[in-house]
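Peer 1: Pasting a structure below so you can have a look.
The values are calculated or read from the model by the stated rules, or taken from the named source; none is laboratory data. What you see is a predicted model, and the numbers here were worked out from it, not measured in a lab. Cβ placement follows ideal geometry from the backbone for every residue including glycine, while neighbour counts extend to all protein chains displayed. Surface areas here come from the heavy atoms of the whole protein model, side chains and all, with no ligands, DNA or RNA. Shrake-Rupley method; radii C 1.70, N 1.55, O 1.52, S 1.80 Å.
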Protein chains: 2
Amino acid sequence: MDEQAKTIRVACIGLGPRGLGQMKELLNVPGVGVCAVCDQCEDRALEGAAAVEERTAQRPAIYTDYRRLLKKEGESLDAVLCCTTWITHSRIAVDAMRAGCHVAAEVGGAASMGECWELVRASEETGKFCMLLENCCYDRNEMALFHMQRQGLFGEVVHCEGGYRHDLREEIAFGRENRHGRLANFIHRNGELYPTHQLGPIAKLLGINRGNRFLTVSSIAGKARGLHEYIQTQPRLEYLKNQVFNEGDVVDTTITCANGETIHLVHDCSLPRPYSRGYALQGTRGIYQEAPFGNAIFIEGLLGKKEGWDHSWEKFDDHREKFEHPLWARYLDEGVHFGGHGGMDFLVLSAFVDAVLCGATPPIDVYDTAAWMSVTALSEQSVALGGAPVPVPDFTNGRWIDREPFRRGIYCLEDVCGECFLESNLKN
Amino acid sequence: MDEQAKTIRVACIGLGPRGLGQMKELLNVPGVGVCAVCDQCEDRALEGAAAVEERTAQRPAIYTDYRRLLKKEGESLDAVLCCTTWITHSRIAVDAMRAGCHVAAEVGGAASMGECWELVRASEETGKFCMLLENCCYDRNEMALFHMQRQGLFGEVVHCEGGYRHDLREEIAFGRENRHGRLANFIHRNGELYPTHQLGPIAKLLGINRGNRFLTVSSIAGKARGLHEYIQTQPRLEYLKNQVFNEGDVVDTTITCANGETIHLVHDCSLPRPYSRGYALQGTRGIYQEAPFGNAIFIEGLLGKKEGWDHSWEKFDDHREKFEHPLWARYLDEGVHFGGHGGMDFLVLSAFVDAVLCGATPPIDVYDTAAWMSVTALSEQSVALGGAPVPVPDFTNGRWIDREPFRRGIYCLEDVCGECFLESNLKN
């Protein structure tokens, strides 16, 4: 890529509130031009175009049909940012890769195993990549913990926990009013609908698809009462007052890994509660746990010995700086863009742009994308079978067995990163 | 029972550290005489006898064979306190009931489904009861939460969590040296070996065996590394340095209930960590969560609305007094016996003695005992099947369907207890 080409041409598909926000954040990343926008709702497409114009003084092409966009613009595009619904983003990603574009896909689980395989095949056949925009991989805490784990501070990791525990009753129940896709999913589906926020960082920590892989998914869903009770308190939702919801209020999922680790996930979005991703990781030397009044850490012999009692929690925040990930150290130094979710949206988009600019494999590749997303479809199968474990396909077709950790650049999610970071600094 | 008979005659079987402690605590309960002690280790039996003599000036009969004890003393005994190992206490309990004694059994899971059924049959056929001494049912927090739930503060409860997360590496690994039974269990078994501490209070909360029941148990065990690593650091344990342990460091178990609730349990005793029982309960109006820097509560519209943000955790301790269970209110008023585990050992033993004195069903009956203990054997089956759900038998043979909550006395674990408490106060 010559000097002149160091701006990538991107089309943004899906411009609801999240898509619009991600597009604006993307425009904060150096080297990005948005030349086309698309949403099936014309008002959203127009709003997106206006936002681009306001920022860049260039009016992008406007579409309400992504197929038309790909047909007309595909050849001149480098990449597509796809922020449509959970049940549409995969097919759009596949079509975009086949039209010659790299894809950044907003998160969401898979509706079928077929769509996961199609993503993999499209990427392998076209040489284009599909990167799930799992922003939580770039969260400051998650990265510091990753950094600590790679330095051996937790010993051998044997168990991780995570969840998406977020009171979304209003967003779900008013889905028709606010054009949000969750409502129909909660009415019809039952499973771990939104696994990747904590599963992404955990998968990277455990080396999934690079010497490790998910083996089985087991899910159990409890009863669904939260939305029904909520709806009775909302006069505007009279038309939903007898609606039956299939999605259990709390869905427990356990994933086993080839190297013997277990991952426990909880999906919990239809009950009143404070937000939590419930991250915990446990190894032979220590433990970290997200907690209501301060995230907690205990590392045997290092953190947690006080007043004669050698098993005390310490506040992670009191120690985080010591273990700061190099990427975050630099980011804090340069000034964090707090636009989206404490800065992690900017980082995950930067990682994507960096990969497109360099034509290199992104830190979250299509095998990661497929494996993480597949947990949703598999968990629905397991729930339907009363919690029976179902096997996770090996999307790498055996390559996971000897794939090395992928070390490249400051956005790398494989290794301690001190080295990558230095290399990258020398390069810049 | 006439006035003169208001002392019950008890034999204590199993006098390791826990058995000795429980026997001493039992002697704090008014109306108890210990007339016989038994341990297969003679030194422990003698130590137990000395403890009784020191406290009561009466030397009890001493046995090293519980069968001989039951044969010689059975007819004159009211009850047996059984604190032997996990894999012996059921058979002793069965023999004791058949010898005419009520039984208080220290906690521990079942090794087989057969032994659960034997407990139930022995109790039904003899009219003697078998009460699992699940002290956590009488913990101050658990009782306050129970009280709150019965008053509807959490709305409809849909999900509970609990665990036994306790670094027992030293106790387990030095099992030969300290004559502790856990070592052999961790070498040979793999499952939820110690479920009842949190499952007991949860089962009471959910009305198990009285209009609700456990349906399935699904368990997944991760790899076993904690004990092996620990043993390498202990020169005295050279003989164990190549020992393979079957028990996974972390075992995740999910239990489904007839009324749609789910219960998630974690067994986690062979990694370095601070102690936790990980209690959480979640309903349509609120949530409670045990947490490292203060137990946390959120009740929609009541607790947790501050500074414009209506989803904040509050510290449970700041509110506990408002929701104190009547039994604990009285206990605090009278002065807590902190001898065992913050007072709850005294309460669970008092509940047992109260039931024996009154000849009434105890608050934890044989169906509770069997159902709670069965989770261990069922979880081993599920682990062996890769996490497949296995059905929980109905030990009541259908009686659970219309069994009413059991309301009697201040130790009742079924209802709000305000009423029972008043009745009981009027009686005393």
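Peer 1: Do we have any residue at all in the range B:371-392 that's part of a helix (DSSP H, G or I), of a type in the set (Ser, Thr, Tyr) and within 17 Å of the chain's Cα centre (by Cα)?
Peer 2: yes
Peer 1: Now for a different question. Can A:Glu229 be described as within 7 Å of another protein chain (Cβ to nearest Cβ) and out of contact with any strand residue (DSSP E or B) (no Cβ under 9 Å at 6 or more places or on another chain)?
Peer 2: yes
Peer 1: Could I ask something else about it? Mind counting the residues in the range B:218-236 that are out of contact with any Asp or Glu (no Cβ under 9 Å at 6 or more places or on another chain) and closer than 22 Å to B:Tyr194 by Cβ?
Peer 2: Of the residues in the range B:218-236, 1 are out of contact with any Asp or Glu (no Cβ under 9 Å at 6 or more places or on another chain) and closer than 22 Å to B:Tyr194 by Cβ.
Peer 1: A further question on this structure: If you scan the range B:351-373, which residues turn out to be farther than 19 Å from B:Ala111 by Cα and of a type in the set (Val, Ile, Thr)?
Peer 2: Hits for the range B:351-373 are B:Val353, B:Val356, B:Thr361, B:Ile364.
Peer 1: What's the total number of residues in the range A:87-100 that are touching a Ser or Thr at 6+ places or on another chain (Cβ under 8 Å) and buried (at least 21 other Cβ atoms within 10 Å of the Cβ)?
Peer 2: Qualifying residue count for the region: 2.
Peer 1: Looking only at residues that are of a type in the set (Asp, Glu) and open to solvent by less than 100 Å² (accessible area, probe 1.4 Å) in the range A:382-428, which one is modelled with the highest pLDDT?
Peer 2: The residue in question is A:Asp394.
Peer 1: Which of the residues belonging to the range B:178-191 are in contact with a Phe, Trp or Tyr (Cβ under 9 Å, 6 or more places away or on another chain) and buried (at least 24 other Cβ atoms within 10 Å of the Cβ)?
Peer 2: B:Asn185, B:Phe186
Peer 1: Now a separate question. Which condition does A:Thr369 not pass, out of (1) at pLDDT 95 or above; (2) open to solvent by 20 Å² or more (accessible area, probe 1.4 Å); (3) among the hydroxyl-bearing types (Ser, Thr, Tyr), if it passes all the others?
Peer 2: For A:Thr369, the exception is condition (2).
Peer 1: Considering each of A:Asp310, A:Asp333, A:Asp317, A:Asp252 in turn, give the residue that is buried (at least 23 other Cβ atoms within 10 Å of the Cβ) and either free of Cβ contacts under 8 Å to residues at least 40 places away in the same chain or within 22 Å of the chain's Cα centre (by Cα) (or both).
Peer 2: Step by step, each of A:Asp310, A:Asp333, A:Asp317, A:Asp252 is checked, and only A:Asp252 is buried (at least 23 other Cβ atoms within 10 Å of the Cβ) and either free of Cβ contacts under 8 Å to residues at least 40 places away in the same chain or within 22 Å of the chain's Cα centre (by Cα) (or both).
Condition check ((1) closer than 29 Å to B:Phe154 by Cβ; (2) at pLDDT below 95) across all residues:
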| residue | (1), (2) |
| --- | --- |
| A:His147 | no, yes |
| A:Arg169 | yes, no |
| A:Gly181 | no, yes |
| A:Ile187 | yes, no |
| A:Lys204 | no, no |
| A:Gly222 | yes, no |
| A:Tyr230 | yes, no |
| A:Gln234 | yes, no |
| A:Val244 | yes, no |
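Peer 1: Here's another thing I want to ask about it. So is A:Asn246 more than 8 Å from every other protein chain (Cβ to nearest Cβ), touching a residue at least 60 places away in the same chain (Cβ under 8 Å), closer than 22 Å to B:Gly260 by Cα and surrounded by fewer than 24 Cβ atoms within 10 Å (Cβ to Cβ) or not?
Peer 2: yes
Peer 1: Could you grab me the full set of residues in the range B:336-366 that are open to solvent by less than 50 Å² (accessible area, probe 1.4 Å) and free of Cβ contacts under 8 Å to residues at least 40 places away in the same chain?
Peer 2: B:Val336, the sole residue that qualifies.
Peer 1: Name the residues in the range B:50-85 that are β-branched (Val, Ile, Thr) and open to solvent by less than 10 Å² (accessible area, probe 1.4 Å), would you?
Peer 2: Residues satisfying the conditions are B:Val52, B:Val80.
Peer 1: For the range B:228-245, check the following and say yes or no: at least one residue is more than 19 Å from B:Ala110 (Cβ to Cβ), in the same structural domain as B:Val392 (by TED's automatic domain parsing) and under 23 Å from the mean Cα position of the chain (by Cα).
Peer 2: no
Peer 1: Any residue that is free of Cβ contacts under 8 Å to residues at least 60 places away in the same chain, more than 14 Å from every other protein chain (Cβ to nearest Cβ), more than 22 Å from A:Glu134 (Cα to Cα) and surrounded by fewer than 23 Cβ atoms within 10 Å (Cβ to Cβ) - is there at least one of those in the range A:209-223?
Peer 2: no
Peer 1: Does the range A:256-268 contain at least one residue that is part of a helix (DSSP H, G or I) and either away from chain B (no Cβ under 13 Å) or in contact (Cβ under 8 Å) with a residue 24 or more places away in the chain (or both)?
Peer 2: No, the range A:256-268 contains no residue that is part of a helix (DSSP H, G or I) and either away from chain B (no Cβ under 13 Å) or in contact (Cβ under 8 Å) with a residue 24 or more places away in the chain (or both).
Peer 1: Given the criteria without any contact (Cβ under 8 Å) to a residue 12 or more places away in the chain and open to solvent by less than 10 Å² (accessible area, probe 1.4 Å), does B:Gly175 qualify?
Peer 2: Against the criterion (without any contact (Cβ under 8 Å) to a residue 12 or more places away in the chain and open to solvent by less than 10 Å² (accessible area, probe 1.4 Å)), B:Gly175 qualifies.
Peer 1: Taking into account only those residues within the range A:13-49 that are assigned to a strand (DSSP E or B) and crowded, with 23+ Cβ neighbours inside 10 Å, which is nearest to the chain's Cα centre (by Cα)?
Peer 2: Of everything passing the filter in the range A:13-49, A:Ile13 is nearest to the chain's Cα centre (by Cα).
Peer 1: Would you kindly identify the helices (runs of 4 or more DSSP H) lying entirely within the range B:107-213 that contain at least 1 residues that are under 30 Å from A:Glu229 (Cα atoms)?
Peer 2: Output list reads B:140-150, B:196-205.
Peer 1: For B:Tyr194, indicate whether it is buried (at least 21 other Cβ atoms within 10 Å of the Cβ) and among the aromatic types (Phe, Trp, Tyr).
Peer 2: yes
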